[in-house]
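First the structure, in the form of structure tokens, and then the observations on it.
The values are calculated or read from the model by the stated rules, or taken from the named source; none is laboratory data. Given the structure is predicted, the values throughout are model-derived calculations rather than measurements. Here the Cβ is made from the backbone with ideal geometry for all residues, glycine too, and neighbour counts use every protein chain on show.
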Amino acid sequence: MRAARAAATVIRRHRSGSLAVDCKSNRADLVTQADREAERRIRAVIGRAFPRHGVLAEESGASAGDGRHRWLIDPIDGTINYVAGFYYYCTSIALEIGGRTEVGVIYDPERRELFWARRGHGAYADGRRLRVTTLGSPGSGTTLGSPGSGTTLGSPGSGT
């Protein structure tokens, strides 16, 4: 959580200035200076706390570790949105132990919302436990989708 919040400081700072953007594999696969700096910040925080753990990071690739623990890092998950000034993106960090994901953290720097989950211990949003609800009928919930995906936005059966 500390690593994600540290990255957010970098990400917000770059958002307000000029943003250097490069293409990686194609025009839709972007990387910014904010991505690179935020990833370095995340790796530094994790490296201080867990010096023997490995890392697989989107921008800098893999580094070997003890072979059992590996951190997965996407410093700006949604770089295209970030570059476009559409501030729906997040920092995503997960920990694999023995090849199985055990902990995940998502931090939204714009809304300063923190989501995290730990296998066997539940999921949380800003310290509040998240729970799955049981709906009485399929029409009693809300369905969300992405425009252009063919999914209707609004309540099921409402046509909106």
* Within the range 73-99, how many residues are more than 20 Å from SER18 (Cα to Cα) and either small (Gly, Ala, Ser) or surrounded by fewer than 17 Cβ atoms within 10 Å (Cβ to Cβ) (or both)? -> 5
* Structure fact -> Within the range 107-117, residues in contact with a helix residue (DSSP H, G or I) (Cβ under 6 Å, 6 or more places away or on another chain) and outside any strand (DSSP E or B) come out as PRO109
* Structure fact -> Scanning the range 55-72 for residues that are assigned to a loop (DSSP other than H, G, I, E, B), more than 19 Å from the chain's Cα centre (by Cα) and on the phi < 0 side of the Ramachandran plot, the one surrounded by the most Cβ atoms within 10 Å (Cβ to Cβ) turns out to be GLY65
* Asked: Would the range 77-90 turn up any residue that is modelled with pLDDT of 95 or more and either of a type in the set (Gly, Ala, Ser) or in contact with a Lys or Arg (Cβ under 8 Å, 6 or more places away or on another chain) (or both)?
  -> no
* Among the candidates GLY120, GLY47, which residue alone is on the phi > 0 side of the Ramachandran plot and not in a strand (DSSP E or B)? -> GLY120
* **Criterion violated by ALA38 - all others in (1) among the small types (Gly, Ala, Ser); (2) touching a helix residue (DSSP H, G or I) at 6+ places or on another chain (Cβ under 6 Å); (3) exposed (fewer than 11 other Cβ atoms within 10 Å of the Cβ) satisfied** => (3)
* Subset of the range 13-35 (residues that are modelled with pLDDT under 85, of a type in the set (Gly, Ala, Ser) and touching a helix residue (DSSP H, G or I) at 6+ places or on another chain (Cβ under 9 Å)) -> ALA20, ALA28
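Matching residues to (1) of a type in the set (Ser, Thr, Tyr); (2) surrounded by fewer than 20 Cβ atoms within 10 Å (Cβ to Cβ); (3) over 30 Å from LEU130 (Cα atoms):
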residue	(1), (2), (3)
ARG5	no, yes, no
LEU19	no, yes, yes
VAL45	no, yes, no
TYR107	yes, no, no
